[in-house]
1. Would you please list the contacts, defined by Cβ atoms under 9 Å and residues six or more apart or on different chains, that run from a residue in the stretch 95-122 that is closer than 19 Å to Lys273 by Cα to a residue that is among the polar types (S, T, N, Q) and in a strand (DSSP E or B)?
2. Mind checking which pairs have a first residue in the stretch 76-88 that is at positive phi and touching a residue at least 24 places away in the same chain (Cβ under 8 Å) and a second that is outside any loop (DSSP other than H, G, I, E, B) and open to solvent by less than 40 Å² (accessible area, probe 1.4 Å), Cβ under 7 Å, 6 or more apart or different chains?
3. I need the full set of residues from the stretch 1-15 which are in a loop (DSSP other than H, G, I, E, B) and either under 16 Å from Tyr68 (Cα atoms) or under 19 Å from the mean Cα position of the chain (by Cα) (or both), in order please.
4. Could you list all residues from the stretch 131-145 that are open to solvent by less than 60 Å² (accessible area, probe 1.4 Å) and not hydroxyl-bearing (Ser, Thr, Tyr)?
5. For the stretch 146-176, name all the residues that are surrounded by fewer than 13 Cβ atoms within 10 Å (Cβ to Cβ), assigned to a helix (DSSP H, G or I) and modelled with pLDDT of 95 or more.
6. Hey, can you tell me all the residues within the stretch 56-77 that are in a loop (DSSP other than H, G, I, E, B) and within 16 Å of Val89 (Cα to Cα)?
7. If a residue must be among the acidic types (Asp, Glu), surrounded by fewer than 24 Cβ atoms within 10 Å (Cβ to Cβ) and either touching a residue at least 24 places away in the same chain (Cβ under 8 Å) or part of a strand (DSSP E or B) (or both), how many such residues does the stretch 210-237 contain?
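The values are calculated or read from the model by the stated rules, or taken from the named source; none is laboratory data. The structure presented is a predicted model; accordingly, all values stated were derived computationally and were not measured. Positions of Cβ are generated from backbone atoms using ideal geometry, with glycine treated the same way; all protein chains shown enter the neighbour counts. We work out accessible area using only protein heavy atoms, side chains counted, and drop any ligands, DNA or RNA first. Shrake-Rupley method; radii C 1.70, N 1.55, O 1.52, S 1.80 Å.
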Amino acid sequence: MTEYLSIAGNTIAYDVAGQGPLVVLAHGIGDSRHSYRFLAPALAAEGYQVANVDIRGCGDSSLGWDGYSRTDIAGDLVALVRRLGGPAVIIGQSISGGAATIAAATAPDVIAGVIELAPFTRAQPFDLGGLVRVKRFRSGYTQMALVIMRGKLANWTKYLDLALPAKPADWDGELARIEAKLNEPGRMKVLQAMCKTSPADAGEQLRNVKCLVLIIEGSADPDWADPRAEGEKIIADLPHGLGELAVIEGAGHYPHVQMPDEVVALTLPFLGKTLTRA
């Protein structure tokens, strides 16, 4: 059953499954909590309380927010953790990976750990060399630029085709669901607004994180010429000893959708280290 958290006159939609230590799932831009349709039940079955969130402006959450930055999203996630009791591990993908970093840095009393899936957590310098060398990166960059400029669903679906180099069995139906949601008035504008936000606010908070952080990258992610190098740079900006990097070979920007079993296998040991069972 969908529940709602009211924040400054707007609402965040989420659902909760399972019992045990709290794990909060936060998806990326242009998506919804359905992105975690494989991960959420797997974690609940392993004895965790899983809160799966539609971040502001997405899915069943309301429109009309004042901002869509990582700092804004982080505040929403911390509010939800406090409502549900915490402490929690946040699993955040893409923009929500950066938001999870900010949540951990600003609310260490309730954030016990962070897993970032293909995260945008650092300011991104223009990578001309990567664009020249790596076709996958060049193609993804082109489609994202067109999304920002034109706001056309067709460019977003072309990006998704690159971002999921291998599709799950339910992809046709899932893509239709994503398209239907983004065709709702105002939803594509939110996607564009999120694309335009800088990850600099998250990067500036990396040095203030006090909990363990697991970065999971896909080797075939079209958002970077070298996804492993991006993950290593995030780890380097964290306090020494807090960060760990895993790279899933062949995964794109949505490893939890494309290769959920591999993500679960990486996630469970991390949760065991960061969350205390009763």
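1. Between residues of the stretch 95-122 that are closer than 19 Å to Lys273 by Cα and residues that are among the polar types (S, T, N, Q) and in a strand (DSSP E or B), the close pairs are Glu116/Gln93; Leu117/Gln93.
2. Close Cβ pairs satisfying both conditions: Gly85/Leu22; Gly86/Leu22.
3. Ala8, Gly9, listed by residue number.
4. Of everything in the stretch 131-145, those that are open to solvent by less than 60 Å² (accessible area, probe 1.4 Å) and not hydroxyl-bearing (Ser, Thr, Tyr) turn out to be Leu131, Val134, Phe137, Gly140, Gln143, Met144, Ala145.
5. Hits for the stretch 146-176 are Ala154, Asp172, Gly173, Ala176.
6. Passing the criteria: none in range.
7. Adding up the residues that qualify gives 4.
To keep it simple, each residue is scored yes or no on (1) under 20 Å from Asp15 (Cα atoms); (2) open to solvent by 10 Å² or more (accessible area, probe 1.4 Å); (3) of a type in the set (A, V, I, L, M).
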residue: Tyr68; (1), (2), (3): no, yes, no
residue: Ala74; (1), (2), (3): yes, no, yes
residue: Ala79; (1), (2), (3): yes, yes, yes
residue: Val89; (1), (2), (3): yes, no, yes
residue: Ser96; (1), (2), (3): yes, no, no
residue: Ala107; (1), (2), (3): no, no, yes
residue: Glu116; (1), (2), (3): no, no, no
residue: Thr121; (1), (2), (3): no, no, no
